[in-house]
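The values are calculated or read from the model by the stated rules, or taken from the named source; none is laboratory data. This structure is a prediction, so every number in the text was calculated from the model and none was measured. Because the Cβ atoms are built from the backbone with ideal geometry, glycine has one as well, and the counts that use them run over all protein chains shown. These accessible areas exclude ligands, DNA and RNA; they are computed on the full protein's heavy atoms, side chains included. Shrake-Rupley method; radii C 1.70, N 1.55, O 1.52, S 1.80 Å.
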Amino acid sequence: MRVLITGGAGFIGAHLAQSYLADGCRVDLLDNLSRGQHDATLASILAMPGANLVECDLLAPGALDGLDNDYDTIVHLAAIVGVANVNRQPYAVLRKNVDLLSAILELAARQRDLRRLVFASTSEVYAGTAEAGDLPIPTPEDVQIVLPDLAGSRSSYLLSKLYGEAMCRHAGVPFTIIRPHNVYGPRMGLAHVVPELMQRATQAPDGGRLTVHSPDHRRAFCYVSDAVALIKRLAAAHQAQGGVFNIGNQAQEIAMVALAKDITRIVGRRLKVERGADTPGSPRRRCPDMTRSIAASGFEPKVSLDQGLRETYAWYARHVFADTVKAAS
């Protein structure tokens with residue numbers, strides 16, 4: 001089987017590529033390396049039989065003209081993301097995310113025998129419904145989508161993804177839409193709550209303080225290996241074609257203050273966890289209903305939050321926090 005993963009050098013993309021390669025697939029990782037890193041992890045993936053890095057900018061004219069027409073599966077993960085980007089350049093987020101998907105849909109349409117295009121949408125599409133007070137928790141995929149205030153810059157990302165979902169439905173290619181919820185794990189950068197708390201806890205001296213913003217807000221965290229297994233199985237499942245599916249782990253929901261306490265324990269610091277202010281725009285609770293995804297994929301997430309946090313910290317302690325960990329030991 002031949003697979004193309006856009007954003008293949010990024011967090012989920014690299015883990016997904018590694019899993020497909022382990023199954024004996026040929027995998028092209030398409031990335032402009034603006035966020036994905038050409039580090040030791042990526043080098044080890046590219047050393048696997050069947051791996052190939054296609055370094056290009058999807059937004060450049062004719063960027064995909066040289067790609068073949070024999071992909072079985074295309075997973076589109078590339079996007080302009082991040083709160084900083086959304087707040088600083090909302091129009092660019094809207095336009096570029098739509099243009100990125102347009103290029104991939106054109107590529108998908110010229111494949112000889114494409115089995116599936118997997119489009120990574122976002123759990124942010126539920127934000128407007130949450131603001132309206134009509135969001136059930138855990139949240140099923142078929143909940144009524146309510147649009148947020150279109151003048152708000154934070155809405156640009158979710159609107160680009162919601163428009164992308166509609167594009168997939170009308171493009172005439174076999175598709176599956178996924179909505180990831182708080183996927184975490186090794187090599188996800190530092191601009192996410194799990195590694196950010198781990199970094200601050202690692203750097204803090206024993207007896208110090210760790211402030212947690214939005215302490216009572218709750219999230220359901222999904223370890224990356226479980227997310228990868230769900231994505232792969234949904235991409236191959238006949239019953240997942242044309243559907244929308246949450247990617248997450250509803251059994252691992254936790255408040256941010258409790259998450260911080262768990263992380264300080266795993267990091268091995270004696271810290272006072274303090275409650276900070278709520279982050280503007282942050283939903284109080286987000287948890288996916290996984291009934292549909294489990295039924296279609298035949299897979300139920302297995303990694304507990306404690307196990308996933310330990311594996312994540314072990315990776316960061318070796319590759320990112322090594323000097324700090326060594327100095328404290």
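So which residues in the stretch 120-152 are among the β-branched types (Val, Ile, Thr) and under 14 Å from Pro283 (Cβ atoms), if there are any at all?
Thr122, Val125, Thr129, Ile137, Thr139, Val143, Val146
In the stretch 162-190, how many are in contact with a helix residue (DSSP H, G or I) (Cβ under 7 Å, 6 or more places away or on another chain), assigned to a helix (DSSP H, G or I) and crowded, with 21+ Cβ neighbours inside 10 Å?
So the answer is 1.
Determine which single condition Ile266 fails, assuming it passes every other condition in (1) modelled with pLDDT under 95; (2) over 18 Å from Leu135 (Cα atoms); (3) not aromatic (Phe, Trp, Tyr).
(1)
Does Thr291 satisfy being at pLDDT below 95 and surrounded by fewer than 16 Cβ atoms within 10 Å (Cβ to Cβ)?
no
How about the stretch 1-117: which strands (runs of 3 or more DSSP E) wholly inside it have at least 1 residues that are open to solvent by less than 20 Å² (accessible area, probe 1.4 Å), in contact with a His (Cβ under 7 Å, 6 or more places away or on another chain) and of a type outside the set (Phe, Trp, Tyr)?
2-6
With respect to Ser225, determine if the residue is outside any strand (DSSP E or B), of a type outside the set (D, E, K, R) and touching an Asp or Glu at 6+ places or on another chain (Cβ under 6 Å).
For Ser225, the condition - outside any strand (DSSP E or B), of a type outside the set (D, E, K, R) and touching an Asp or Glu at 6+ places or on another chain (Cβ under 6 Å) - is not met.
Kindly establish whether Ile231 is touching a Leu at 6+ places or on another chain (Cβ under 7 Å) and touching a residue at least 60 places away in the same chain (Cβ under 8 Å).
In short, yes.
The rows are residues; the columns are (1) small (Gly, Ala, Ser); (2) within 25 Å of Arg88 (Cβ to Cβ); (3) surrounded by 18 or more Cβ atoms within 10 Å (Cβ to Cβ).
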site: Ser123; (1), (2), (3): yes, yes, yes
site: Ala130; (1), (2), (3): yes, yes, yes
site: Leu135; (1), (2), (3): no, no, yes
site: Asp142; (1), (2), (3): no, no, no
site: Ile145; (1), (2), (3): no, no, no
site: Ser160; (1), (2), (3): yes, yes, yes
site: His192; (1), (2), (3): no, yes, no
site: Met198; (1), (2), (3): no, no, yes
site: Ala201; (1), (2), (3): yes, no, yes
